[in-house]
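Down below is the structure, laid out as structure tokens.
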Amino acid sequence: MTDKQRILVVAAHPDDEVLGCGGTMAWHAFQGDEVFCIILAEGLTSRDASRNRTEHASAIATLQNTAKAAAQVLGIQETTCYSFPDNRMDGVERLEVVKIVEAHIQELQPTIVYTHHAGDVNIDHQVTHHAVVTACRPQPGSMIQSLLFFEIPSSTEWQTAISAPPFVPQWFQNIQPEDKPDFLGIKCQALDVYQAEMRPWPHSRSIQAVQHLAHWRGASAGYPAAEAFALGRHRQ
């Protein structure tokens, strides 16, 4: 086992945390690290023409409970859910989002932070990315050693190459090692908890697509399966 670290995952929506780095979170938990997750947007309300939290209050509560159940599958310490408007975070003052992320960083003092890639087609992912980068600026005394950006099936690959920076991974986490638990399998178990958010094959947000992507990312780095990340910053 390695020395215990504190890990913070910042996701825009419930299920993004599992799609983006569920296997890596399970790996960290197995290593003895303390893993915390914050989810910023409520989910659901963007499916209507106008936002109505009251109408969807029960469904939102169910989705937040689902996020906490998925966290238990992964073995992480805590998932905290916020209520920013789903797919409308571009209408929120950036500082509001930054302050929430900063508060968690101040409290937890994580050494590794995972969040969205800037090039995702989903606007909430973009806002989350930029807020986290701001909150993780390398000020003297910062404990953060690594800032990593994950990919989200049905958002990262749906962006066109000329519209935003492409996702180019340089950091790979083995999530199907021979001598440890099958972290890809644990990730898929957590996605099963999010069954209502998943789609049938060949949609890229299907269990089969997630497995195919993990095996391809693994093959790209010489592993049976992996999660891939774009490195934002690493310092020692």
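The values are calculated or read from the model by the stated rules, or taken from the named source; none is laboratory data. Being a predicted model, the structure only gives us computed values, none of them experimental. So basically every Cβ, Gly included, is an ideal-geometry build from the backbone, and we count neighbours across all protein chains shown.
Conditions tested, residue by residue: (1) at pLDDT below 95; (2) of a type outside the set (S, T, N, Q); (3) closer than 23 Å to P165 by Cα.
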| site | (1), (2), (3) |
| --- | --- |
| C81 | no, yes, no |
| R94 | no, yes, yes |
| V97 | no, yes, yes |
| I100 | no, yes, no |
| Q109 | no, no, no |
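Assess whether D120 counts as being acidic (D, E), buried (at least 21 other Cβ atoms within 10 Å of the Cβ), touching a strand residue (DSSP E or B) at 6+ places or on another chain (Cβ under 8 Å) and touching a residue at least 12 places away in the same chain (Cβ under 8 Å). For D120, the condition - acidic (D, E), buried (at least 21 other Cβ atoms within 10 Å of the Cβ), touching a strand residue (DSSP E or B) at 6+ places or on another chain (Cβ under 8 Å) and touching a residue at least 12 places away in the same chain (Cβ under 8 Å) - is not met. For residues that are surrounded by fewer than 17 Cβ atoms within 10 Å (Cβ to Cβ) and not in a helix (DSSP H, G or I), tally how many sit in region 199-215. Selection size over region 199-215: 5. Residues in region 7-66 that are assigned to a loop (DSSP other than H, G, I, E, B), modelled with pLDDT of 95 or more and hydrophobic (A, V, I, L, M, F, W, C): A12 alone. Could you list, in sequence order, all residues of region 121-170 that are part of a loop (DSSP other than H, G, I, E, B), small (G, A, S) and closer than 26 Å to E102 by Cβ? G141, S142, S155, A164 - these are the residues of region 121-170 that are part of a loop (DSSP other than H, G, I, E, B), small (G, A, S) and closer than 26 Å to E102 by Cβ.
Comparison of G185, G218 shows that the only residue that is farther than 23 Å from W158 by Cα and part of a helix (DSSP H, G or I) is G185. Here region 178-198 is the region considered, the condition is being without any contact (Cβ under 8 Å) to a residue 60 or more places away in the chain and more than 20 Å from E17 (Cα to Cα), and the residue that is surrounded by the most Cβ atoms within 10 Å (Cβ to Cβ) is E178. Only residues that are outside any strand (DSSP E or B), under 16 Å from the mean Cα position of the chain (by Cα) and not polar (S, T, N, Q) were counted across region 67-96, and they come to 10. On the basis of being touching a residue at least 12 places away in the same chain (Cβ under 8 Å), charged (D, E, K, R), under 23 Å from T24 (Cα atoms) and out of contact with any helix residue (DSSP H, G or I) (no Cβ under 7 Å at 6 or more places or on another chain), does E107 make the cut? In short, no.
Against the conditions (1) assigned to a helix (DSSP H, G or I); (2) within 21 Å of G75 (Cα to Cα), Q173 satisfies every one except (1).
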